[in-house]
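Here the structure comes first, spelled out in structure tokens, and everything after it is commentary.
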Amino acid sequence: MFARGVRPLLDQTDLRAELEAHYDLAPSVELAEEMGDIYARMDRVVPPPDWAMHAPYVAAINRLKKERNAVVLAHNYMTPDIYHGIADFVGDSLQLAIKATEVEAEVIVQCGVHFMAETSKILNPAKTVLMPDMEAGCSLAESITAEGIAEMRAQYPGAPVVSYVNTTAEVKAASDICCTSANAAQIVAAMEGDTVIMTPDKYLAQNVAKQVPQKRVVWWDGACIVHERFTPQDLRDFRDWNPGLKIIAHPECRPMSWPRPISPARPRASSIGSAARSRKRPCWSPNARWRRISRTPSPRSSFSAPATCAPI
Ligand code: SF4
């Protein structure tokens with residue numbers, strides 16, 4: 001929809017000048033007030049002065065969507081102005097991929113990283129799929145290529161390859177089956193043979209290995225730069241700060257990030273929902289994606305800023 005390199009949009013002088021030649025994007029308190037119904041969806045986390053800056057962009061993009069017959073698919077980790085103000089559909093990468101099969105619009109704008117847009121294009125070859133920022137990549141997806149899969153196959157002859165959805169189309173094509181974090185253990189358990197190769201996330205593989213002891217799980221040495229940042233010490237510090245804390249960890253976090261026997265999160269969306277609904281204890285999630293928790297009605301949930309993924 002927009003030219004490449006929109007990160008961070010409001011700080012990029014050149015891009016801003018280019019956009020302002022076509023759209024009135026000056027901060028506007030009047031427009032912010034006019035768009036109060038949209039702001040009501042995010043007023044708990046976006047201060048009014050910020051909304052006065054975002055509102056002209058939100059209005060322009062929503063107008064463009066209609067003109068271009070486009071839909072916006074936004075990942076859960078998008079900022080609140082996008083998530084609540086622009087997105088037609090929100091979800092994790094799997095939910096967005098499924099949604100992409102149902103859209104009738106001619107253009108899909110994927111607010112996420114490359115592999116998500118690629119997945120939408122695979123599922124919708126006749127549609128135009130756009131990314132707002134061509135530099136929005138995923139460290140995990142970029143950690144392996146089809147050659148890497150071939151290396152693993154050579155090292156473990158006959159072992160099936162299970163690749164996480166956070167991979168390029170090239171890697172998916174070279175694998176035997178694709179999994180999500182929600183069904184990874186189930187899929188590994190169902191594979192034939194004693195040994196299963198998992199790519200590209202070593203932490204997801206190590207966590208699955210614990211859940212499926214009947215298989216020998218071997219893995220590619222890839223990791224998400226965001227999830228890898230959380231350490232057991234971080235969690236100990238948070239527990240010291242609040243002994244009643246309930247911690248939810250995504251399976252992409254290091255296994256040792258679980259200092260107590262807490263379960264890895266299972267289906268992502270429901271985990272987000274249960275965290276948000278929790279009335280017993282505050283929640284803290286070592287997961288970049290769950291910034292959405294900050295957008296839920298529960299004042300007892302918190303998130304771990306400043307950990308954010310590339311496109312933000
Ligand atoms: S959070 Fe990590 S795994 Fe997810 S898209 Fe960003 S870099 Fe990739």
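The values are calculated or read from the model by the stated rules, or taken from the named source; none is laboratory data. These numbers were taken from a predicted model, which means no experiment stands behind them. Heads up, the Cβs are rebuilt from the backbone with ideal geometry, glycines too, and the neighbour counts pull from every protein chain shown.
Filter the stretch 182-207 down to the residues that are more than 16 Å from the ligand (Cβ to nearest atom) and in contact with a strand residue (DSSP E or B) (Cβ under 7 Å, 6 or more places away or on another chain) and list them by number.
Matches in the stretch 182-207: Ile187, Val188, Met191, Asp194, Thr195, Val196, Ile197.
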Determine, yes or no, whether Glu135 is within 26 Å of His227 (Cβ to Cβ) and in a helix (DSSP H, G or I). no
When residues of the stretch 178-211 are limited to those that are in a strand (DSSP E or B) and polar (S, T, N, Q), the one nearest to Thr145 (Cα to Cα): Thr199
Checking Ala126 against (1) within 16 Å of the ligand (Cβ to nearest atom); (2) among the small types (Gly, Ala, Ser); (3) surrounded by fewer than 18 Cβ atoms within 10 Å (Cβ to Cβ), which test does it fail? (1)
Please find, within the stretch 134-167, the residue that is farthest from the ligand (Cβ to nearest atom) out of those that are closer than 19 Å to Cys111 by Cβ and crowded, with 21+ Cβ neighbours inside 10 Å. Ala136
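Residues checked against (1) modelled with pLDDT of 85 or more; (2) acidic (Asp, Glu):
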position	(1), (2)
Val217	yes, no
Arg229	no, no
Pro232	no, no
Leu245	no, no
Glu252	yes, yes
Taking interchain pairs and intrachain pairs at least six residues apart, which have beta carbon atoms under 8 angstrom, with the first residue in the stretch 108-135 and outside the structural domain of Val71 (by TED's automatic domain parsing) and within 18 Å of Ala87 (Cα to Cα) and the second within 12 Å of the ligand (Cβ to nearest atom) and acidic (Asp, Glu)? none
Restricting to the stretch 83-118, give me the number of residues that are surrounded by 21 or more Cβ atoms within 10 Å (Cβ to Cβ), more than 16 Å from the ligand (Cβ to nearest atom) and not β-branched (Val, Ile, Thr). 3
Candidate set: the stretch 212-256, residues that are within 16 Å of the ligand (Cβ to nearest atom), aliphatic (A, V, I, L, M) and not in a strand (DSSP E or B); chosen: the one nearest to Thr180 (Cα to Cα): Ala223
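Only one residue in Val129, Val103, Val165, Val109 is touching a helix residue (DSSP H, G or I) at 6+ places or on another chain (Cβ under 6 Å) and farther than 24 Å from Pro251 by Cβ. Which one?
Details: Val103 fails: touching a helix residue (DSSP H, G or I) at 6+ places or on another chain (Cβ under 6 Å); Val165 fails: farther than 24 Å from Pro251 by Cβ; Val109 fails: touching a helix residue (DSSP H, G or I) at 6+ places or on another chain (Cβ under 6 Å).
It is Val129.
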